[in-house]
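Rule-based calculations on the coordinates, nothing more; no lab input. All figures in this text were calculated on a predicted structure; none of them were measured in a lab. Every residue, glycine among them, receives a Cβ derived from its backbone with ideal geometry; neighbour counts consider all protein chains shown.
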Amino acid sequence: MRWALTATVLAFLAVFLLLPLVVVFSEAFANGVGPYLTAIQDPDAIAALTLTLTAAAIAVPANLVFGICASWAIAKFDFRGKNLLLTLIDLPFAVSPVISGMIFVLMFGRQGLLGPWVAAHDIKVVFAVPGIVLATIFVSFPFVARELIPVMEASGTEEEEAARVLGAGGFQTFLRVTLPNIKWGLLYGVILCNARAMGEFGAVSVVSGKIRGLTNTLPLHIEILYNEYSFQAAFAVASLLALLALVTLVLKAIVERRVHQQLGVQEGVREVERVPAA
Amino acid sequence: MARRRVLPGFGLTMGFTVLYLCLIVLIPLSMLPLRAASGSWDAFWQTVTDPRVIASYRLSISASVAAAAVNAIFGILVAWVLVRYEFPGRRIIDALIDLPFALPTAVAGITLTTIYAPNGWIGKPLDAYGIKVAFTPLGITIALIFIGLPFVVRTLQPVIESLDVEIEEAATSLGASRWTVTRKIILPYLYPAWLTGFALAFARAVGEYGSVVFISGNMPMRTEISPLLIITKLEQFDYAGATSIAVVMLVLSFSMLLTINALQRWSSRRLLT
């Protein structure tokens, strides 16, 4: 029974998880190393990589600051409407990526609510970089907050209170007492947030307009290459993102153990809350 | 209450939290109901009852249910094996479960299409038996199985970990067969988390776009999912039509969100008692 079950599970995972991973790299190198290097050194691919990194470099810190503020307010204080606030923070997960992009078109597009105002001030949001950044922030919005809230709740408020009573300032308390307690949870949230920010396709696809070299992110560049039947080039670019995914998984596995240790040491582990995000 | 306020910064952090939430999430999302309210009811009804739109809803929902069901069955097996059995490479496989979260959907999309296309690694042998996967509803389901798998496994794992082996041993020593133990003790205990995992996988699948759009073939009435139809309408600058379809999807998503929250409360209550 035991071996039959294990074998079934391994076969299922081999077909559904391992095979796709193998295929990405084997297709990327289907014509050898030369064409692979040509594909990833293409100016459009590099422009797409730059834009993807830029969007993540704005979205991740912004959502990090939000995550720290939200988890401090929610975990360290009692107030009415806490559950409502938690549900609202989760909203971006419940919305289809396509709708996540579409709302920014409805807001800033030509027929949008702020469309005329934006046009009058000569700012381009939709079909331009600001729209891509906004959509990226939206889809990666809950990750850091969601990881930090349980960690901060588990560490309680006694240590911070002691620091205050002993005369530490507010910021000093956070830096010296809170931060060491939550650092692994923080890192975990940032890793997940970054993976989503760099990989987002649907939302960004709606707002980008897909102008080569200008408003193309890596995932969008993959789509263009694929639809032009440049399969090997598409997979070469895709292999970069697959590599990012593998790095994410390794970091995640390492940090996850630390988070568990931290949670486990501080209080009974609240495992039920650690339902997957995304 | 008063004691807690020893800590500083509530006003500042709460203020920023609410401000940022409004600017990034609530105000943009409110565009959808605002836009929908500015249109006429008749136009809305006409759009959402258009046969092509109905076909897309039906496809999105049925493929998502099928994928979530497959994930529920295999997910519980995967979670069980990963928690209860020791075998070489278990930790690596456990880490690999999150691949669908970490792998960008566009990469998953083109890869699955290549594997299941008529000349692909799996598509070719299946094609010999006359089974077509890519560019059919079956292909859409496969893509949705891929992206939904971690939800069921990750929801069940901690619950299986908390399941006390002694209870099973007690039942076995009292003469219960393995099957009876599974049916009467293990499954009832896992049930709420199992349902939660199913609901999460379903909710994600209904809105999914990137991994599906390549493998689906996008034929109107047959393999066109709702999110794609929204994009098509947006590209034709039919904002009212796109909004109508999106509002229906949003209502579905929000009811799923409420269901999942209720399921999770149920699940954690059962674990605590």
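Hey, what's the Cα Rg ratio for the range B:143-190 versus the globular rule of thumb, 2.2 N^0.38 Å?
Compared with the compact-globule rule of thumb, the range B:143-190 sits at 1.45.
Where the convex hull is taken over the Cα atoms of the range A:6-62, what is its projected area averaged over directions, in nm²?
Mean shadow area of the hull around the Cα atoms is 6.4 nm².
Provide the three semi-axes, in whole Å and in decreasing order, of the ellipsoid equivalent to chain A as defined by the square roots of 5 times the Cα gyration tensor eigenvalues.
On the way: eigenvalues 263, 159, 56 Å².
Ellipsoid half-lengths, sorted descending, are 36, 28, 17 Å.
In Å, the Kirkwood hydrodynamic radius of the range A:107-211 over pairs of distinct alpha carbons?
One decimal place: 16.6 Å for the Kirkwood radius.
For the range B:150-231, would you read off the P(r) tail past 21 Å as a percentage of all alpha carbon pairs?
Summing the P(r) tail past 21 Å for the range B:150-231 gives 52 percent.
If one takes the longest principal axis of the Cα atoms in chain A, at what angle in degrees, from 0 to 90 and to the nearest 10, does the Cα axis of helix A:97-108 lie?
90
In whole angstrom, how long is each semi-axis of the equivalent ellipsoid of the range B:22-126, when you take the square root of 5 times every eigenvalue of its Cα gyration tensor and sort them from largest down?
39, 22, 15
Please report, in debye to the nearest 20, how large the charge dipole of chain A is about its Cα centre when each Lys and Arg carries +1 at its beta carbon and each Asp and Glu carries -1 there.
120
From the P(r) of the range B:104-180, could you give the percentage of C-alpha pairs in the tail past 14 Å?
That fraction is 71 percent.
Sequence neighbours fewer than 8 away in the same chain don't count; with that in mind, list the lysines whose C-alpha is under 18 Å from A:LYS210.
List returned: A:LYS124, B:LYS233.
Once Rh is set to the Kirkwood radius over Cα pairs, what Stokes-Einstein translational diffusion coefficient, in µm²/s, holds for the range A:37-77 at a temperature of 20 °C and a viscosity of 1.002 mPa s?
The Stokes-Einstein estimate is 173 µm²/s.
Which value, in Å to one decimal place, does the Kirkwood hydrodynamic radius take for the range A:1-120 when every pair of different Cα atoms is included?
20.2
When 1/r is averaged over all different Cα pairs and the result inverted, which Kirkwood radius in Å belongs to chain B?
One decimal place: 21.6 Å for the Kirkwood radius.
Suppose only helical runs count, i.e. DSSP H with n ≥ 4. What mean residue ellipticity at 222 nm does that imply for chain B under -39500 (n - 2.57) per run, divided by all residues and rounded to the nearest 500 deg cm²/dmol?
Counting only the DSSP helices, I get -24000 deg cm²/dmol.
Helix A:179-199 versus the longest principal axis of chain A: what angle, 0 to 90°, nearest 10, using Cα atoms?
20
May I ask for the percentage of alpha-carbon pairs in the range B:80-226 that lie more than 24 Å from each other?
So the pairs more than 24 Å apart make up 48 percent of the total in the range B:80-226.
Output the Cα-based Rg and Dmax of the range A:180-231 in Å, rounding Rg to one decimal and Dmax to a whole number.
When restricted to the Cα atoms of the range A:180-231, Rg and Dmax are 15.4, 50 Å.
Can you give me the relative contact order of chain B as a percent, contacts being Cα pairs under 8 Å and 6 or more apart?
29
Radius of gyration and Dmax for the protein assembly as shown's Cα atoms, expressed in Å?
23.8, 80
How fast does the range A:63-132 diffuse by Stokes-Einstein, in µm²/s, taking the Kirkwood radius from C-alpha pairs at 25 °C and 0.890 mPa s?
For these conditions, the coefficient is 169 µm²/s.
If the reach is capped at under 25 angstrom between alpha carbons, list the lysines near A:LYS252, excluding any in the same chain fewer than eight residues apart.
By straight Cα distance, A:LYS252 reaches A:LYS183.
Viscosity 0.692 mPa s, temperature 37 °C: what is the translational diffusion coefficient of the range A:94-158 from Stokes-Einstein with a Kirkwood Rh over Cα pairs, rounded to a whole number of µm²/s?
Rounded to a whole number, D works out at 239 µm²/s.
Suppose every Lys and Arg Cβ carries +1 and every Asp and Glu Cβ carries -1, with no other charges. What dipole size does the protein assembly as shown come out with about its Cα centre, to the nearest 20 debye?
Dipole of the protein assembly as shown, to the nearest 20 debye: 680 debye.
Could you work out the longest stretch of chain A that avoids the chymotrypsin sites (Phe, Trp or Tyr not before Pro) located in DSSP loops with at most 16 other Cβ atoms within 10 Å?
Within chain A, the longest run free of exposed chymotrypsin sites (Phe, Trp or Tyr not before Pro) spans A:80-228.
Find the centroid of the Cα atoms in the range A:94-162 and in the range B:229-243, then give the distance between the two in whole Å.
Each part reduced to its Cα centre gives a spacing of 22 Å.
What is the distance in Å between the Cα centres of the range A:187-259 and the range B:135-151?
Cα centroid of the range A:187-259 versus Cα centroid of the range B:135-151: 19 Å apart.
May I ask you to evaluate 6.51 cos²θ - 1.76 cosθ + 1.60, the Karplus curve with θ = phi - 60°, for each residue of the range B:205-222 and list the ³J(HN,Hα) values in order in whole Hz, giving x for glycine and proline?
5, 4, x, 4, 10, x, 7, 8, 4, 7, 7, 7, x, 6, 8, x, 6, 10
Output wanted: per-residue J couplings in Hz (rounded whole) for the range B:233-238, from phi through Karplus 6.51 cos²θ - 1.76 cosθ + 1.60, θ = phi - 60°, x for Gly and Pro.
Computed from phi, the couplings for the range B:233-238 are 5, 5, 5, 8, 6, 8 Hz.
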